[in-house]
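Worksheet: the structure to be examined is printed underneath.
The values are calculated or read from the model by the stated rules, or taken from the named source; none is laboratory data. The model shown is predicted, which means the values in this text are computed figures rather than measured ones. For neighbour counting, all protein chains shown are included, and Cβ atoms are generated from backbone atoms with ideal geometry for every residue, glycine included. Areas reflect the complete protein model, heavy atoms only, side chains present, ligands, DNA and RNA absent. Shrake-Rupley method; radii C 1.70, N 1.55, O 1.52, S 1.80 Å.
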Amino acid sequence: MSTLQERIDQTIANVADFPKPGIQYKDITPLFLDAKLSNEIVDAFAGISKGKVDAVCGIESRGFLYGIQIAQKLGVPFILVRKAGKLPPPTVSESYDLEYGQATIEVNETYIKEGMRILVHDDVLATGGTAEACAKLIEKCGGKVTQFSFIVNLEFLNGAEKLSRFTTDIVSLTAY
Ligand SMILES: O=P(O)(O)OC[C@H]1O[C@H](OP(=O)(O)OP(=O)(O)O)[C@H](O)[C@@H]1O
Ligand SMILES: Nc1ncnc2[nH]cnc12
């Protein structure tokens with residue numbers, strides 16, 4: 001019987017030179033074709049975060065997919081962190097670099113309460129720019145990032161280094 005990590009590794013597709021030459025893109029969308037595997041992934045994430053967080057922040061767009069399911073399993077709020085211009089005010093913004101470009105993300109500042117313990121969830125940790133910007137947004141709003149979770153950590157890009165000043169509780173189900 002193969003492990004959850006082995007089944008994730010077998011299911012994720014590797015796409016060379018997407019979206020730019022030189023990028024080895026990890027396509028996680030085949031995971032969603034397998035309902036049983038997806039249920040196991042959500043259970044694993046929920047087990048990792050149980051009792052540790054008061055809310056889950058999911059990052060647009062791939063961080064929404066398991067993120068809301070994790071929050072619902074934990075019985076805590078799910079907060080959408082969206083690309084600039086998509087959320088109505090009142091919002092706070094943060095700009096950042098990522099493996100293949102630049103972006104700005106925003107969150108509704110009223111959803112994050114003072115001292116709230118927050119899980120930042122996304123599909124892929126690459127350079128860490130996106131997750132770091134999300135953590136900065138959360139701190140601007142008075143929240144505390146107590147955990148990061150990802151399906152995949154591209155360890156050779158050292159993204160976790162950027163995140164360790166928020167918390168060292170940085171989890172991924174697989175790494176390359
Ligand atoms: O660690 P980083 O270098 O910041 O890269 C990781 C981010 O890149 C991808 O998002 P993308 O901006 O491609 O958006 P998407 O989820 O909408 O596809 C991925 O889903 C992470 O959010
Ligand atoms: N190599 C990669 N594959 C998939 N998503 C990513 N986000 C940033 N880098 C990525």
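Residue pairs whose Cβ atoms lie under 6 Å apart, separated by 6 or more positions or on different chains, with the first residue in the range 84-103 and more than 14 Å from ligand 1 (Cβ to nearest atom) and the second outside any strand (DSSP E or B), are Pro90/Glu109; Val92/Glu109; Val92/Leu137; Val92/Lys140. Here is the figure for the range 97-148: residues that are within 16 Å of ligand 2 (Cβ to nearest atom) and at positive phi total 2. Cβ-Cβ distances below 6 Å connect no pair with a first residue in the range 116-137 that is free of Cβ contacts under 8 Å to residues at least 24 places away in the same chain and farther than 12 Å from Phe150 by Cα, a second residue that is open to solvent by less than 10 Å² (accessible area, probe 1.4 Å) and more than 16 Å from ligand 2 (Cβ to nearest atom), and a separation of six or more residues or different chains. Ile79 falls short on exactly one of the conditions (1) open to solvent by less than 50 Å² (accessible area, probe 1.4 Å); (2) modelled with pLDDT of 95 or more; (3) within 16 Å of ligand 2 (Cβ to nearest atom), and that condition is (3).
One residue stands out in the range 32-74 among those that are open to solvent by 10 Å² or more (accessible area, probe 1.4 Å), within 16 Å of ligand 2 (Cβ to nearest atom) and of a type in the set (A, V, I, L, M, F, W, C): the one that is farthest from the chain's Cα centre (by Cα), namely Phe32. Could we say that Lys52 is part of a loop (DSSP other than H, G, I, E, B) and within 16 Å of ligand 1 (Cβ to nearest atom) here? Here the answer is no, as Lys52 does not meet what is asked. Residues in the range 7-31 that are open to solvent by less than 40 Å² (accessible area, probe 1.4 Å) and of a type in the set (Lys, Arg): Lys26 only.
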